[in-house]
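This report refers to the structure that appears directly beneath it.
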Amino acid sequence: MPSITIKDGATFEATADKRLVLAIEDSGVDILHRCGGYAGCTTCRVVVHEGEPTTMTKAELEKLQENEAVGQYRLSCQILCDHDMTVEPLMRVSSSNYDDAGKRPKDTITPDAEWVDKPTS
Ligand code: FES
């Protein structure tokens, strides 16, 4: 199974079809996912230090472009754990003003994943 490492934290295994946001949360990290995993809020953002996917969902690309954030962070609700990665969650319940992380995202990527290449710049 792929191995996911939280920067300065734990390393754990996840199934290849698991959403990264859920793998991070289920490992005990209080990552935010305020929109419930629909590429709408960006609170599930992570920096991928190693193993950044070369593809992304169209929904993620459009949200990052809207926020002028392409190349700065990725949306963990739009990434599958299909290879080894080292990631750094950027927004957590404990360092925010939210009382909870948000509704738990579904097990499959929402909206339905339409894969595109990650922009090179
Ligand atoms: S963008 Fe909202 S949970 Fe990922």
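The values are calculated or read from the model by the stated rules, or taken from the named source; none is laboratory data. The structure presented is a predicted model; accordingly, all values stated were derived computationally and were not measured. Using ideal geometry, Cβ is built from the backbone for each residue, glycine included, and neighbour counts are taken over all protein chains shown.
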### Query
Taking Leu32 and the conditions (1) within 11 Å of the ligand (Cβ to nearest atom); (2) on the phi > 0 side of the Ramachandran plot, which numbered condition does it fall short on, given that it satisfies the others?
(2)
#### Entry: Which listed residue is under 20 Å from Gly36 (Cα atoms) and of a type in the set (Asp, Glu), from Asp82, Asp107, Asp117
Asp107
### Query
Any chance segment 65-79 includes a residue that's out of contact with any His (no Cβ under 9 Å at 6 or more places or on another chain), surrounded by 13 or more Cβ atoms within 10 Å (Cβ to Cβ), closer than 19 Å to Ala16 by Cα and in contact (Cβ under 8 Å) with a residue 60 or more places away in the chain?
yes
### Query
Out of all the residues in segment 19-30, which are of a type in the set (A, V, I, L, M) and either surrounded by fewer than 24 Cβ atoms within 10 Å (Cβ to Cβ) or more than 20 Å from Pro2 (Cα to Cα) (or both)?
Leu22, Val29
## Note on the structure
Subset of segment 64-98, residues within 11 Å of the ligand (Cβ to nearest atom) and within 13 Å of the chain's Cα centre (by Cα), comes to Leu64, Tyr73, Arg74, Leu75, Ser76, Cys77, Gln78, Ile79, Met91
#### Entry: Matching option when the condition is modelled with pLDDT of 95 or more and farther than 24 Å from Pro2 by Cα, among Lys63, Lys106
Lys63
### Summary
Here the residues within segment 65-87 that are polar (S, T, N, Q) and within 14 Å of Glu52 (Cβ to Cβ) are Gln72, Ser76, Gln78, Thr86
### Message
I need a count of the residues in segment 91-121 that are closer than 17 Å to Pro53 by Cβ and hydrophobic (A, V, I, L, M, F, W, C).
### Response
4
